[in-house]
Amino acid sequence: VQLQASGGGLVQAGGSLRLSCVASGRTLGINRMGWYRQAPGKQRELVATITSGGSTNYADSVKGRFTIEGDNAKNTVYLQMNSLKPEDTAAYYCVAYQWGMGVYWGPGTQVTVSS
């Protein structure tokens, strides 16, 4: 499984960005996808995940501001990020969980929020 993310960039505080991640290759059995992020000097942390059935999980720090959506037919997951804050600045990593196979990570896409 290969993951390709897009949509990162530079935005002012209060602005919005939309990240996309497409899974390709042997995608059969992917049952959950999502996003983690890692800021400089900090550990990687969960942002949000969504199951193939549509169940979602969010970090408390992004609840009410970020929305994760999935398109099973396209093996794609989206992260709509609104009301961005400088503390949201990080490299965002797409992740896919495949039943019986393990976890796959995509390369990070940088999100920078200026104050």
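With respect to the stated conditions, V113 fails to be crowded, with 16+ Cβ neighbours inside 10 Å, within 15 Å of the chain's Cα centre (by Cα) and assigned to a strand (DSSP E or B). Counting only residues that are part of a loop (DSSP other than H, G, I, E, B) and either open to solvent by 50 Å² or more (accessible area, probe 1.4 Å) or of a type in the set (D, E) (or both), segment 14-35 holds 5 of them. Within segment 77-98, the residues that satisfy the criterion of being open to solvent by less than 10 Å² (accessible area, probe 1.4 Å) and either in contact (Cβ under 8 Å) with a residue 60 or more places away in the chain or in a strand (DSSP E or B) (or both) are V77, L79, M81, L84, A90, Y92, C94, V95, A96.
So is T56 touching a strand residue (DSSP E or B) at 6+ places or on another chain (Cβ under 6 Å), surrounded by fewer than 17 Cβ atoms within 10 Å (Cβ to Cβ) and free of Cβ contacts under 8 Å to residues at least 60 places away in the same chain or not? Yes. The sole residue among G108, G102, G70 that is within 15 Å of the chain's Cα centre (by Cα), modelled with pLDDT under 95 and open to solvent by less than 70 Å² (accessible area, probe 1.4 Å) is G108.
When T56, T76, T27, T51 are checked against the criterion of being over 16 Å from the mean Cα position of the chain (by Cα), of a type outside the set (K, R) and farther than 28 Å from S115 by Cα, T27 stands alone in meeting it.
The values are calculated or read from the model by the stated rules, or taken from the named source; none is laboratory data. Nothing here was measured: the structure is a model prediction, and the numbers come from that model. Cβ atoms come from the backbone with ideal geometry, glycine included; neighbour counts cover every protein chain shown. Areas reflect the complete protein model, heavy atoms only, side chains present, ligands, DNA and RNA absent. Shrake-Rupley method; radii C 1.70, N 1.55, O 1.52, S 1.80 Å.
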